[in-house]
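Novice: Before anything else, here's the structure in question.
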Amino acid sequence: MNTILVTGGAGFIGSNFIHVLLETCQDVQIINLDKLTYAGNLDSLRDIEHDPRYTFVQGDICDEALVRQLLADDHPDAIVHFAAESHVDRSIDGPSEFIQTNIHGTFNLLESVRHYWGELDTIHKKQFRFIHISTDEVYGSLGKTGFFMEETPYAPNSPYSASKASSDLLVRSYFHTYGLPAIITNCSNNYGPYHFPEKLIPLMILNALEGKSLPVYGNGQNVRDWLYVEDHCRAILKVLEKGRLGEKYNIGGHNEKTNLDIVHTLCDILDDKRPRSDGKSYREQITFVKDRPGHDLRYAIDASKMQRELGWVPEETFETGIVKTVEWYLSHAEWCKRVTDGTYQRERLGIGE
């Protein structure tokens, strides 16, 4: 039986990864270490909380004693490291938590894992993996053409992306200095079930249904590459199983869309599946608001290395994935209510004031 320690497993991508892992692998034991901040919620894992293959531990990756105890007690064969402060707008309003969790927390995790790995026997040392989950935002902003590749220089433009770039470089250094069997992945924008309603797609869905305005930053022409979250999780499994040590893998959905296109698409799907009582389109709720400070123009990922080396391609097109996403939120209204704990009421963040 393989034992995998997942950090940040109660968050959006982490909780989806745990679901995909349990569906894919019968012979696995998962330890989920999560601090349960605003974006981490056990409601996202309620359906598997009694699965004998799954254990939850509430705790902080910055807690060295806890991390070392978990490693000693559970003897993981791999670490999949999702735990991070991940919301750009929040990093603009308060960057200190991002520095603490994303940089110091990753450093503490690496140090703890380095000592644990160093004491493993030869066979288990060779089998061990540390998978660090990062973002395409570390590369900065693209113009109207071109793609981020694994060799693209880092040029982060927000406190969030700078903290993730720092954590990437720490992981890289532990491979080159200590030989720690680490792999880094950088993904494009994820969407799908269990997404905290501070992000674009769930925010627009919930605001639309409640008759609230649909705030679009600037002119809405910023471009992102969208990746269905379960496709991302399947890609991580490929990296865990077959990825080359010390490598970076970019994971993208080949779905470039402007923010305004995304909002229009969501409005059109809702017009069909949950029409407004007055018969008007949800597009009438769109409002344009002051742009985010330092808002990157465009992200786009070249994921050909994933396809070439690991045989991974997305299973969902944007057209199929976005419909699944809207249908999930329409059928999980109670989840949406419970994850908003009172501290976040879908107000504008990241104004920089």
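Novice: Quick check on my filter: what residues within the stretch 120-150 are acidic (Asp, Glu) and not in a loop (DSSP other than H, G, I, E, B)? Break it down into steps so the answer makes sense when it comes.
Specialist: Going residue by residue through the stretch 120-150, those that are acidic (Asp, Glu) are 121, 136-137, 150.
Those that are acidic (Asp, Glu) and not in a loop (DSSP other than H, G, I, E, B): Asp136, Glu137.
Novice: I've got another one for you. Here's a check for you: in the stretch 202-219, which residue that is surrounded by fewer than 18 Cβ atoms within 10 Å (Cβ to Cβ) and of a type in the set (Gly, Ala, Ser) is farthest from the chain's Cα centre (by Cα)?
Specialist: So the residue we want is Gly211.
Novice: I want to confirm something. Restricting to the stretch 31-45 and keeping residues that are of a type in the set (D, E, K, R) and closer than 19 Å to Ile4 by Cα, which single residue is surrounded by the most Cβ atoms within 10 Å (Cβ to Cβ)?
Specialist: Only one residue tops the list, namely Asp34.
Novice: Among the residues of the stretch 107-119, is any part of a helix (DSSP H, G or I), in contact with a Ser or Thr (Cβ under 6 Å, 6 or more places away or on another chain) and either touching a residue at least 60 places away in the same chain (Cβ under 8 Å) or within 30 Å of His295 (Cβ to Cβ) (or both)?
Specialist: no
Novice: I need a count of the residues in the stretch 311-343 that are of a type outside the set (Val, Ile, Thr) and surrounded by 19 or more Cβ atoms within 10 Å (Cβ to Cβ).
Specialist: 6
Novice: Mind listing just one residue for me: the one in the stretch 65-104 that is aliphatic (A, V, I, L, M) and over 18 Å from the mean Cα position of the chain (by Cα) and, of those, surrounded by the fewest Cβ atoms within 10 Å (Cβ to Cβ)?
Specialist: Ala65
Novice: Identify all residues within the stretch 223-259 that are within 17 Å of Phe318 (Cα to Cα) and among the polar types (S, T, N, Q); write none if there are none.
Specialist: Asn255, Thr258, Asn259 - these are the residues of the stretch 223-259 that are within 17 Å of Phe318 (Cα to Cα) and among the polar types (S, T, N, Q).
Throughout, read-outs are computed from the coordinates displayed, never taken from laboratory work. Computed from a predicted structure; not experimentally measured. Please note: Cβ atoms are built from the backbone with ideal geometry, for glycine as well, and neighbour counts cover all protein chains shown.
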